[in-house]
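What follows draws every value from the coordinates through simple rules; no lab data is involved. Since the structure is predicted, the reported quantities are computational estimates derived from the model, not experimental observations. Positions of Cβ are backbone-derived with ideal geometry, glycine not excepted, and every protein chain shown enters the neighbour counts.
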Amino acid sequence: MKIQPLGDRVLVEPLKDEEQTKGGIIIPDTAKEKPQQGKVVAVGTGKLDDDGKKIPFNVKKGDKVLMPKYGGTEVKIDGKEYQIMREDDILGVIEG
């Protein structure tokens, strides 16, 4: 199944945190926080300004981004979890 976000929305695949600390302690699922990093899988069709011109996206497919802890809408596609959120909700692009 393929999802194409609409408007200024972005489809993000959350990146999983490590399940073990550097000291070797295994972290159970109940103690893990929601991931705050993700990879942009798809971008929407674009937002229009007051004159009807498309505003270009600041993120693109493949970008690694910093997301708010509790933002967007969680969706499950082919058994994988994703989040759909407005581009404005993305906190930043992670470089490197």
Inter-label distance, nm, simple model (7 Å from Cα along the C-beta direction), residue 53/residue 86: 2.2
Ranked by how many other beta carbons lie within 10 Å on average, peptides 79-89, 46-56, 4-14 from highest: 4-14, 79-89, 46-56
Point-to-point label distance, residue 25-residue 64, nm (Cα→Cβ direction, 7 Å offset): 2.5
